[in-house]
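One structure is given here, and the rest of the page talks about it.
We did not get these values from a lab; they are worked out from the coordinates using the rules stated. Because the structure is predicted, anything quoted here is derived from the model rather than measured. When we count neighbours, we look across all protein chains shown, and the Cβ atoms used for this are built from the backbone with ideal geometry, even at glycine.
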Amino acid sequence: MFPPTIYRMMILAELEKYDFSELRHCCSAGEPLNPEVIKVWKKATGLTIYEGYGQTETVLCIGTFPPCMESKHGSMGKPSPGWHIEIHDDEGGKPAPLHEEGGHIAIRTDPRPIGLFHEYIDNDVENAKSFSDGYYYTGDKAYQDEDGYFWFVGRDDDVIKASGYRIGPFEVESALIEHPPSVHEAAVSVRRMSSGARS
């Protein structure tokens, strides 16, 4: 398993020069992986990179699990066995419609899945913010498609709204990296301006 940064660096090499015959499985976690990277890697190695999602507070709670699941490039996959995960809207506690970008990843805490942390020590404010109405809110935004796959959008405080659309830094990076050789690598960050607006 590599973080996406390593895969992005590796595809810049001349992969056809290397022997990947002993490589059997590839996976990535830690941040979303651009679909373009997955395509280049598969062309060179014949293997799909399987993505997953988890936090320090959790184990791998969403993933693409072969051979029982088809990989959708750019998707985190589906909830791990024993984990009930939903996408909630901004109203809190209400499931967001399918393909509604910017919903909150909400993990049901009753029953509490194995691998979910108990609480933030000595931080009542953060606990109150993260645990509500039987759910743990991860602080990440995503959406779900009609097949039950989850798609990462960004952190709660990284998502911007432009012309009625919610846009995360990952989406901008993915669009830019699809234009080689003009774009070699892309990194987008969101900074908060003094008025509370984002640029």
Legend entry - Spherically averaged projected area of region 4-177 from its Cα convex hull (nm²): 11.6 nm²
Legend entry - Mean projected area (nm²) of the alpha-carbon convex hull when region 1-65 is viewed from all directions: 4.5 nm²
Legend entry - Gained length - I6 relative to F131, 0.36 nm times residue gap less alpha-carbon distance: 41.6 nm
Legend entry - Burial ordering of D133, D140, D156, D19, fewest other beta-carbon atoms within 10 Å first: D19, D133, D156, D140
Inset, instruction - Give a residue-ordered list of calculated ³J(HN,Hα) values for region 88-94 (Karplus: 6.51 cos²θ - 1.76 cosθ + 1.60, θ = phi - 60°; whole Hz; x for Gly, Pro). - result: 9, 7, 5, 6, x, x, 9
Inset, instruction - Figure the gain on full extension for M69 and H84 (residue separation times 0.36 nm, minus the Cα-Cα span) and round it to one decimal in nm. - result: 3.7 nm
Legend entry - Inter-label distance for R24 and L98, nm, one decimal - labels placed 7 Å from Cα along Cα-to-Cβ: 3.6 nm
